[in-house]
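What follows is a set of notes on a single structure, which appears directly below.
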Amino acid sequence: MERIRCNKCKIEMTPDIIYTHFPRGKLPVRGYRCEKCGYEMIPLEEAKRVQDEAEILGLYGAPNPLTGRNVTRSGNNLSVYIPKEYEKKLDLKKGTPIRMWLQGDTICIEPEKT
């Protein structure tokens, strides 16, 4: 492992596991920590790896969440109306098959690929 020096103290940094935080969680990453001042550094290739993993796991959250919507009731089931712009963009029609799953405390819905 290469020797990395702290940008502040100029002493050699110790390899360590650092947690990188995202809007919907955190992931461990291999990096370096200065024993003297606590400065942390993550190598670029490791930062890219954990960024890709966070994207796959959905830790960034929705980029442009739609707010101001409410859950309604249709018979004995709860319902959510899909906005017209989403309908057009995804080419949704009545009867389009979907997949639905929970990811932590988030409900995810997508059209099934046929």
> Of F22, A62, M41, which is farthest on the positive side of the dipole of the chain, counting Cα position, with +1 on Lys and Arg Cβ, -1 on Asp and Glu Cβ, and the Cα centre as origin?
Replying inline: A62
>> Just to be sure I understand the model, the point goes 7 Å from the Cα along the line to the Cβ. What's the resulting Q103 to A62 distance in nm?
In response: 1.2
> In a GNM of the chain with a 10 Å cut-off on Cα contacts, which of E12, E45, E85 has the highest mean-square fluctuation?
Replying inline: E85
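Magnitude of the Cβ-charge dipole of segment 2-114, K/R +1 and D/E -1, about the Cα centre, nearest 20 debye?
Rounded to the nearest 20 debye, it is 320 debye.
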> Could you work out the helix-only [θ] at 222 nm for the chain, with each DSSP H run of four or more residues adding -39,500 (n - 2.57) and the total divided by the number of residues, to the nearest 500 deg cm²/dmol?
Replying inline: -5500 deg cm²/dmol
> What does the charge dipole of segment 72-111 about its Cα centre add up to, to the nearest 20 debye, if the Cβ of each Lys and Arg holds +1 and the Cβ of each Asp and Glu holds -1?
Replying inline: 200
> Given the options K88, K26, K36, which has the most mean-square fluctuation in a GNM of the chain, springs set between C-alpha atoms less than 10 angstrom apart?
Replying inline: K88
> In terms of Cα to Cα distance under 18 Å, which aspartates and glutamates are near enough to K36, apart from those fewer than 8 places away along the same chain?
Replying inline: E12, D16
>> To make sure I understand the rule: partners must be lysines, Cα under 18 Å from the Cα of K113, and not fewer than 8 residues away in the same chain. Which ones qualify?
In response: K88, K89, K93, K94
> In debye to the nearest 20, how big a dipole does segment 14-57 give about its Cα centre with +1 on each Lys and Arg Cβ and -1 on each Asp and Glu Cβ?
Replying inline: 120
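No lab work stands behind these numbers, since they all come straight from the coordinates. Because the structure is a prediction, the values reported are computed rather than measured. FYI the Cβ positions are ideal-geometry reconstructions off the backbone, even for glycines, and counts take in every protein chain you see.
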